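To keep things clear, I will list the structure first and then write my remarks on it.
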Amino acid sequence: MTGVITVEKQKLENPPLEIHYLGDRALRQPAKRIAKVDDSVRQLAKEMLQTMYSSSGIGLAAPQVAINKQLIVIDCEPDNPANPPLILINPTITRASQDLCVVEEGCLSIPGVYLDVTRPKIIEVTFKDEQGKPRKIEATELLARVIQHEMDHLNGVMFVDRVDNDLALTEKLREQGFSRGAVKPVK
């Protein structure tokens, strides 16, 4: 993929954006579609990537930095400079496999909390890239999981809302100082 956004994969002392945490209302708002892909959207994607790399993340959604737009950035190989990040604008899952898998997830908005989440193994997603071109990809394994996780943020859903093990969930949140009341289960 040839992108127009280049960002050094490094940790910045002062990342350009501030990540919001579980309990913040900004994380629960449904994100608005981006009408026009322009320089301001590309600049936002660049700042989101810089913030994600600075926090040792592999995915970040605009609502996590209190920006109510359907934009996510992903890099499943942050230590590989040759692998370009993926920028998805207005993503839509058009197909999801019946085959599910359970994998431990974490989130930059809920630091220190890692719990099992069940999601489809394979998805097909349509989106616009940073140049505004329509794209479609089939994603499997880690990429499929990260896309689904980040797309949940665009709908005001956090990964803890999908955790089945209530006891583990309550315990892990308490250990990290988060309120169990901030979880909004989805089934």
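The values are calculated or read from the model by the stated rules, or taken from the named source; none is laboratory data. What you see is a predicted model, and the numbers here were worked out from it, not measured in a lab. Neighbour counts are summed over all protein chains in view; Cβ atoms, including those assigned to glycine, are modelled from backbone coordinates with ideal geometry. Quick note on the areas: whole protein, heavy atoms, side chains included, nothing else; ligands and nucleic acids left out. Shrake-Rupley method; radii C 1.70, N 1.55, O 1.52, S 1.80 Å.
Over the chain, with the other protein chains present, what is the accessible area per residue in square angstrom, probe 1.4 angstrom?
52 Å²
Please report, largest first and rounded to whole Å, the three semi-axes of the ellipsoid equivalent to region 5-115, where each semi-axis is the square root of five times an eigenvalue of the C-alpha gyration tensor.
20, 18, 17
Could you run the Karplus curve 6.51 cos²θ - 1.76 cosθ + 1.60 with θ = phi - 60° over region 141-158 and give me ³J(HN,Hα) per residue in whole Hz, x for Gly and Pro?
Using θ = phi - 60°, the values come out as 6, 4, 4, 4, 5, 5, 4, 4, 4, 5, 5, 4, 4, 5, 10, x, 10, 9 Hz.
Starting from the Cα-Cα distance between ALA168 and ILE137, subtract it from 0.36 nm times their residue separation and give me the gain in nm to one decimal.
So the extension gain works out to 7.7 nm.
If you line up the Cα atoms of region 87-187 on their principal axes, what length do they span on each, largest first, in Å?
For region 87-187, the Cα extents along the three principal axes come out at 43, 28, 20 Å.
In the chain, how does Rg compare with the Kirkwood Rh, expressed as the Rg/Rh ratio over alpha carbon atoms?
0.94
How big is the convex hull of the Cα atoms of region 128-171, per residue, in Å³?
For region 128-171, the hull spanned by Cα atoms encloses 102 Å³ per residue.
Can you give me the Rg/Rh ratio for region 72-114, using Cα atoms for both radii and the Kirkwood formula for Rh?
1.02
If you stretched the chain out fully between ASN83 and ALA35, how much longer would it get, using 0.36 nm times the residue separation minus the C-alpha to C-alpha distance?
14.5 nm
On C-alpha positions alone, give me the angle between the axis of helix 166-175 and the longest principal axis of the chain, in degrees, nearest 10.
Helix 166-175 and the main axis of the chain meet at about 70 degrees.
Which order do the peptides 169-177, 97-105, 142-150 come out in when sorted by mean C-beta neighbours inside 10 angstrom, highest first?
Highest mean packing first, the order is 142-150, 169-177, 97-105.
Calculate what fraction, in whole %, of the accessible area of region 1-155 sits on carbon and sulfur atoms when a 1.4 Å probe is rolled over the protein chains.
On region 1-155, the fraction of accessible area on carbon and sulfur atoms equals 48 percent.
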